[in-house]
Amino acid sequence: METLPFELGPIRPVDEADSLLIRTTRGCPWNKCEFCVNYKTMRYSRRSVEDIKKDIMAAAEYYGGHPFHSCFLQDGDSFIMKTGELLEILGFLKQHFPSLKRVSSYGRSQTMIRKSPGEIKAICDAGLNLLYCGMESGADTVLKKIKKGVTSADHIKAAQMARQAGMEISQFIILGLGGKALWQEHALETARVLNQINPDFIRVLTIGVKKGSGLEKQLREGKFQLQTEKNLIEEQRLLIDRLDGITSYYVNHHGVDLLMEARGQLPADKPKLLAIMDRYLSMPQEDRIHYTLGKRLGYYRQMDDMQDANRKLFVQGKVSEILNAYPGQFDEICHQLRAQVV
């Protein structure tokens, strides 16, 4: 593997696949969320302005004038940088990559609300115009249980500041984060918070309990119970049903999501989104198990794929083989497959 002349962090949002990646911090300043293992073995640190500038120059030389239109600042929270330093980096970045139209970053609500509205506006005006925010849930009970370190009020305040500054907001929601006990509260309260924020994008992910995470420990100790695949879609249906008065683009877009065809512009596409949920929920149990396991194994991408008779016959053989080998363990198999998705 080629060694790059600049640092790269371990992750980026799915939508930043073609973006320039510039690392401003290492790891996550919080790093306590029960569901996350991305930075568990990494000590958090801020990179110096000098080192970041060196990386920007090295990237400019390495890519040889490639006209990047977007840049993502890694790792977990660039907003923790001093505002003056972040503004300096954004200016330097624009000098070396003048074709950039969008600069994005993760931003923790806890960090965002420590800055003034004027600071957020200055950061946006300097070019950082898209914020990825891991809301995860709008339910304070769930946020506390997963040790998110913020409240729903923090989420609302941070997002409203960013929107008022002119930033686009992309909120990540994790289906299943409330488990069996709190799934309805998770859906209802998340919808409430989203209705107050009206983000540009609502990006839905599905829970996959990672090995070594705090949530895995809760699961082992019986303090957290995973939902069935059907119940996860019932939860998502409830969430969509309660979204009201917002103009967000709603999307299931990650490989861990069961219904990747569920995407559309609110409010116009709300009936379509609900119909997708209802189509899955109304399937005969045998068909629902077939599609679910076929999707989890990577043979299907969306429900319409089952209309291909040859593919369906092939998948049926694979599904039967697994269910015969592990009788009565359908949901556990799905849980394990979800946990393996990056």
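Things worth noting here:
- Normalised by the number of residues in region 1-135, the mean separation of alpha-carbon contacts (under 8 Å, six or more apart) gives a relative contact order of 26 percent.
- Crossing angle, helix 270-281 versus the chain [Cα axis fit, 0-90 degrees, rounded to tens]: 40
- Estimated dipole of region 208-342 in Debye, rounded to 20 [Cβ of Lys and Arg +1, of Asp and Glu -1, Cα centre]: 340
- Put a dot 7 Å past the Cα of GLN265, heading toward its Cβ, do the same for ARG114, and the two dots end up 3.9 nm apart.
- Distance between modelled label sites at GLN95 and ALA309, nm, 7 Å Cα→Cβ extension: 6.6
- Cα centroid separation, region 276-342 to region 39-78 (Å): 40
- The Rg/Rh ratio of the chain, with both radii computed over alpha carbons and Rh defined as the Kirkwood radius, is 0.99.
- Cysteines not pairable in the chain (beta carbon separation under 4.7 Å absent): CYS28, CYS71, CYS124, CYS133, CYS334
- Within the chain, DSSP assigns beta bridges of which about 15% are antiparallel (rounded to the nearest 5).
- Among GLN227, GLN218, GLN160, the largest mean-square fluctuation in a Gaussian network model of the chain (Cα springs under 10 Å) belongs to GLN218.
- Positive dipole terminus of the chain, leading residue within PRO284, PHE97, ILE52 (C-beta point charges): ILE52
- The residue among LEU274, GLY179, TYR250 whose Cα reaches farthest toward the positive pole of the charge dipole of the chain, with charges on the beta-carbon of Lys, Arg, Asp and Glu, is GLY179.
- Mean residue ellipticity (222 nm) of the chain, computed from DSSP H runs ≥ 4 via -39,500 (n - 2.57), nearest 500: -14000 deg cm²/dmol
- Whole-number percent relative contact order across the chain, with pairs defined as alpha carbons under 8 Å at least 6 apart: 13
- Rg over Rh, two decimals, region 109-156 (C-alpha only, Kirkwood Rh): 1.05
- Within a Gaussian network of the chain (alpha carbon springs, distance under 10 Å), most fluctuating of HIS253, HIS155, HIS69: HIS69
- Out-of-range pairs (alpha-carbon distance over 18 Å; input LYS145/LYS223; LYS270/LYS295; LYS270/LYS312; LYS32/LYS147; LYS54/LYS101): LYS270/LYS295; LYS270/LYS312; LYS54/LYS101
- Efficiency of FRET between LEU219 and LYS32 - r from beta-carbon atoms, R0 22 angstrom, step 0.05: 0.80
- Virtual spin-label span in nm between GLN184 and ASP200, 7 Å along Cα→Cβ: 3.7
- Max mean-square fluctuation residue, GNM over the chain, Cα-Cα springs under 10 Å, options LEU87, LEU258, LEU128: LEU87
None of the figures in this text is laboratory data; all of them are computed from the coordinates on show. Just so it is clear, the structure is predicted and the values come from calculations on it, not from any experiment. Methodologically, a virtual Cβ is constructed for each residue, glycine included, from the backbone with ideal geometry; neighbour enumeration extends over all protein chains shown.
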